[in-house]
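Each reported figure results from applying straightforward, stated rules to the coordinates on display, with no laboratory input. Because the structure is a prediction, the values reported are computed rather than measured. Glycine gets a Cβ as well: all are built from the backbone with ideal geometry, and neighbour counts include every protein chain shown.
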Amino acid sequence: MTNIHIPQELNNIDKLLMMEEDAKYEVTNDLDAECTAVFCANDIKGQHQPPKIPKMFLASKCIFNCAYCGCRCSREERPNYCNSPKELAQLSVNAAKNNGHGVFVTSAIYKNADYTQELLAECVRIMREDLGYKDFIHAKIMPGADPMLIAKTGQYANRLSVNIEVAHSSGYQRIAKQKNKSNIMTPMSDIAQQIIEAKYEKRDFATSQTTQLMAGSMNEDDRTIIILSKALYKKYHLKRIYYTAFHYTHPAKGYENENLSFTETPRWRMTRLYQADRLLQLYHFTPDDLTPESHPFLEPDIDPKAAWALRHLQMYPVEVNKADFETLLRVPGIGITYAKRIIEARRHCIVTHDLLRKMRIPLKRCIYFITCNGRYKGENILSSSPELRNRLAQDPD
Ligand code: SF4
């Protein structure tokens, strides 16, 4: 460990209050995959708020100047804090014990990326070896961090993350001038590689990585985001992508020429992105299914699965006694659990509307899209796309 000089400027209570503020710029604080798009038995629901675990910051003032971030170096008006690895380790263990689930250890870039990463690696080492903390640690990897330091950090963490933020590399110049494709994708690639190697060599290393993707920063459409998400999951074995809304509400020095209008990306867009993400991951939808070139944006009033159904009305109604599992999953209101329940039931009997009710499968959405033993009870509104859209919008899952 290099000799570290840490300025002491604030007491712990002030630091914790500021950490709470800084945590707003990052949503990557998961425990596990099933948190931001909740799967109900009947279908998929997106939520933009994952369950919280505390986010603990090593340092609050960054050498980078990302336009959207409260830690950016050009934001001179606020006081700053910096913890030593030992202090942060103790604060993190205390916070994790209070929370009961785990902790996310992160930082603004202090001095330079490798220096900060070394401090974070030392912090998680102290948490494990000196303080005996055994539960979940999610640790941040700095843009451009050295692979050796990623290895050191990952040795003690359960999960690592680097935030990609923009949907296209040209977006870095627009909102995060010191970031670039290389200093983000290289560590992401290193982590993916080290996860595989560590598993093969049976050595301690984080078992997953996540990232955060910002919507609305470069007027990109949802199709761009969803195509990128699909590629990232495949290439980097990501456990999860977190979607966050780009907010630009105060002018940031250094961005005067970027023509950044003050932006508040609507929250519903995150809900739809989380739903689309889960449909990609678990329902085998493709980016073209969710956002074809003719419809590059997800829709505010209906979820992406219902939107797909409305674009493919010719495939409905589906006979629940005959449809295969994948076809049942394309019925709005029928999710994985209900599709399995239907397939199991029909091994023993003919599935009727009454039986669906007895099986506690709500008919409010799926009734328009199914027949049971040849009987259709959907009030014939399948032939009226606007009316069906109204009903689906008024009666979300
Ligand atoms: S690198 Fe991270 S902490 Fe630093 S300004 Fe950018 S978003 Fe904020």
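What is the dipole size for the stretch 284-348, taken about its Cα centre, with +1 at each Lys and Arg Cβ and -1 at each Asp and Glu Cβ, in debye to the nearest 20? Mind showing how you got there, number by number?
Working: 8 positive and 10 negative charges, 95 e Å.
Dipole size: approximately 460 debye.
Order the peptides 94-102, 207-215 from the highest to the lowest mean number of other Cβ atoms within 10 Å of their residues.
Numbers: 94-102: 15.2, 207-215: 21.1.
Those peptides, ordered most packed to least, come out 207-215, 94-102.
Quick one: how many lysine pairs in the stretch 187-325 have C-alpha atoms under 27 angstrom apart, if they're 8 or more apart or on different chains?
13
To the nearest 20 Debye, how big is the dipole of the stretch 304-394 about its Cα centre, given +1 on the beta carbon of each Lys and Arg and -1 on that of each Asp and Glu?
That gives a dipole near 260 debye.
Quick check on the chain: helices-only [θ] at 222 nm, where DSSP H runs of length 4 and up contribute -39,500 (n - 2.57) each and the sum goes over total residues. Nearest 500, please.
My calculation for the chain gives -11000 deg cm²/dmol from helical runs alone.
Aspartates and glutamates near Lys358 by alpha-carbon distance under 17 Å, same-chain residues fewer than 8 away left out - which ones?
Leaving aside aspartates and glutamates fewer than 8 places away in the same chain, those within reach of Lys358 are Glu344.
Pop out the Kirkwood hydrodynamic radius of the chain from its pairwise C-alpha distances, inverse of mean 1/r, in Å to one decimal.
With all distinct Cα pairs of the chain included, I get 22.9 Å.
Treating only the Cβ atoms of Lys and Arg (+1) and Asp and Glu (-1) as charged, compute the dipole magnitude of the chain about its Cα centre; round to the nearest 20 debye.
1020 debye
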